[in-house]
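Rule-based calculations on the coordinates, nothing more; no lab input. Nothing here was measured: the structure is a model prediction, and the numbers come from that model. Don't worry about glycine lacking a Cβ; one is built from the backbone with ideal geometry, like all the others, and counts go over all protein chains shown.
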């Protein structure tokens, strides 16, 4: 049974920072240094793995994020054609700071996906908050330190 969208918007799938040539040089130097250390200690497979992982990381990080459809309906939250039912969500939080883009932080009851973030664009974050308050609790959540750390390095 199809349900009607209470609110919807399009947003980037993840945070993106334009990469400068210096970023690629730093990643390349660190990769070569780590793989050289692995080779010095006789860990050939580890050295090769470091190079392959760095190439995959650079390819992924240099590609701008795709725009995804986000929707809140009476069953849950749809993000990129995946429904996250309200029964699997604990709470939400929309940080109110002027520095960062507005985002919706959802706390899930699932063990392997405790927090996930959906960026809010094109609409007022307060209207998203009003709709979500009818279905799940609002609790202050903070993004993990590792996410801030990696975003600081352009990932």
In region 121-137, which residues are in a helix (DSSP H, G or I) and under 18 Å from residue 88 (Cβ atoms)?
131, 132
Would you mind telling me which numbered condition in (1) farther than 30 Å from residue 134 by Cα; (2) under 23 Å from the mean Cα position of the chain (by Cα); (3) surrounded by 12 or more Cβ atoms within 10 Å (Cβ to Cβ) residue 83 fails?
(1)
Report whether or not residue 47 is farther than 30 Å from residue 133 by Cα, over 17 Å from the mean Cα position of the chain (by Cα) and assigned to a loop (DSSP other than H, G, I, E, B).
no
For residue 42, all conditions in the list (1) closer than 25 Å to residue 137 by Cα; (2) without any contact (Cβ under 8 Å) to a residue 40 or more places away in the chain; (3) assigned to a loop (DSSP other than H, G, I, E, B) hold save one; what is the number of the exception?
(1)
Flagged in region 105-120 as over 14 Å from residue 95 (Cα atoms) and assigned to a loop (DSSP other than H, G, I, E, B), in numbering order, are 109, 110, 111, 112, 113, 114
Among (1) closer than 21 Å to residue 125 by Cα; (2) out of contact with any helix residue (DSSP H, G or I) (no Cβ under 8 Å at 6 or more places or on another chain); (3) surrounded by 12 or more Cβ atoms within 10 Å (Cβ to Cβ), residue 23 falls short only on (1)
For region 87-114, give me each residue that is buried (at least 17 other Cβ atoms within 10 Å of the Cβ) and over 16 Å from the mean Cα position of the chain (by Cα).
89
